[in-house]
Every structure is written in structure tokens, then in C-alpha cells.
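Only one structure is covered here, and it is reproduced in the block below.
The values are calculated or read from the model by the stated rules, or taken from the named source; none is laboratory data. All figures in this text were calculated on a predicted structure; none of them were measured in a lab. So basically every Cβ, Gly included, is an ideal-geometry build from the backbone, and we count neighbours across all protein chains shown. Ligands, DNA and RNA are stripped out before the accessible areas are found, and what is left, the full protein with its side chains, is counted by its heavy atoms. Shrake-Rupley method; radii C 1.70, N 1.55, O 1.52, S 1.80 Å.
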Amino acid sequence: MEERLQKIIAESGYTSRRKAEELISKGKVSVNGKVVRELGTKAKKGDEILVEGNLITFSNEKVYFLLNKPRETISAVTDDKNRKTVVDIINTDKRIFPIGRLDYDTTGLLLLTNDGELTNILTHPNSKVPKTYLAKLDRNLEMKDFFAIKEGVKIDGRPVKVSHIKIKKKDTKNDTCFVEITIHEGRNRIIRRLFEHLGYDVVKLTRTYYGTLSLGTLLSGEYRTLTRKEVVELYRYKR
């Protein structure tokens, strides 16, 4: 049965559907020896599909990892500057990729899998998965800015919708504070950009929750596999 090429690539576990669309547009995908650039192209799982020169194969075994991402690590499968990636940390023979991304210097909870369907569910704008971060600011958060964030600060003409914000700790001696904040969107560097828009520098940023999943006791660079129950919970974000 023929299906959209990006869907087949995602289901193989090579990368997410969104990333597959990018690779197709860039001419990085071929079907039966012919380079494909049209996103509407259909193919069959029995076709010879090459992505970035790699033959697509299918594995029935899906794997799911929760990583406490360390700083100075790229949320990608590979890096053209030969920097360490999150995939390098995970010991598995499966071809996995991160669900979404965290910035190079942002730490915390990141999911990795070879399940293209789940990745598409969780990264779709309609999924609205809550993501909680702990931000260390270079100075104490003023109450006017606290309430401005609750109301919705506009970035690029769109308000950043925050479902939860709490000042966790104030260091009056050093004039810094830790702020816990929960959002449901995935715009690039949105937490940092939100505070920078209000005149604050984010000294450190850690994602502590993704949906109902938390870092727990994982140290930086440590990871664990998800339980079946946790995977089922994630699939409930399907719209």
C-alpha cells in the first residue's frame, strides 16, 4: 500500500515526520534510485528508500528513553560540527532520534525514540503537551513582570501562553532567582526569549517535566527507558 514518503520514513524510526519533510525538500531522499523533492510523493515500504544515503529499514521493536540532557550537547542525531549529540549518550543498537529539542546550553528532560508516530503526535501543535522549566535569572523577577508573563507576553506578535509560573527561590544577596514556568508550545528558545524580552538574562535553564514525566533522580547525562504505562500516557495526547 502506498503512503506519503515522510510518513514511511518516520515509521522506520529514522527521524520525525517533520524532519523527514525537510530532508525531502532538500533533495536528501531517493526512491528506487530517483531523488524526490515533492512532499506529496507516495511510496511503498518495499521500495528502496535512501535518506541521506542510508537505506530505510523497519523494526517492529520500538524503544523509548528519558534522558537528563547535559549542557553543550546537541539535540540531534548528527552534527556537522562534530559536537556531542544526545544520541551519542544512549547505548542502543536502534536508530533513535530526539522528540523535539533542547538548546545547546539547556539541560533536562528529553525523550528519544525510534517511534515516528509518537514523535509526530507529541510535536504536533495541537498536542499541547505541558513542558515545565526551571529558569535561573540574572536578577530577581519584578512583580510587574511576573504578572505580565501570567497575562501573556507577545513574542513575534503572538502571546506566550503560560499555564503556571512560580518564583521558587530568591537570592537577595546575589540578586538572582529561580522561576518555575510551564508552557504548552515549542517555539525555538521561547523561554529564554520571553525573559530576554523583559530585560532578564537566563543564566541556567532546565526542563524538569514533559507531560506527566519528570526527571526524578536522574543525574546529568543519565537516562532510563520508559515504562509501557508511560508510553500509553504519551499516546493520549493524540488529537
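Measuring r between the beta carbons of Leu213 and Lys34 and using R0 = 30 Å, the FRET efficiency lands at 0.15. Computed from phi, the 3J(HN,Hα) profile of the stretch 102-119 under the Karplus parametrisation 6.51, -1.76, 1.60 (θ = phi - 60°) reads 10, 4, 3, 9, 8, 10, x, 6, 9, 9, 10, 7, 10, 9, x, 5, 5, 4 Hz, with x in place of Gly and Pro.
Averaging 1/r over each pair of different alpha-carbon atoms in the stretch 25-135 and inverting the result gives 16.0 Å, the Kirkwood hydrodynamic radius. In this structure the amide hydrogen of Arg139, modeled in the peptide plane, comes within under 5 Å of the amide hydrogens of Cys177, Asp201, none closer than 5 places in sequence on its chain. Extension gain, Lys144 to Lys161: 0.36 nm times the residue separation minus the Cα-Cα distance gives 4.4 nm.
Sorting Lys131, Lys45, Lys34 on solvent-accessible area from highest to lowest, probe radius 1.4 Å, gives Lys34, Lys45, Lys131. For Cα extents along the principal axes in Å, computed directly from the structure shown, the correct entry in [x] 64, 38, 37; [y] 57, 40, 33; [z] 48, 40, 36 is [x]. Only DSSP H runs of four or more residues enter the estimate; each adds -39500 (n - 2.57), and after division by the residues of the chain the mean residue ellipticity at 222 nm equals -6000 deg cm²/dmol. Segment Arg189..Glu230, full-extension length gain: 12.1 nm, with 0.36 nm per residue of separation and the alpha-carbon distance subtracted.
Amide hydrogen proximity for Leu109: with H placed 1.01 Å from N in the peptide plane, the residues at 5 or more positions away or on another chain lying under 5 Å are Lys69, Arg207, Thr208.
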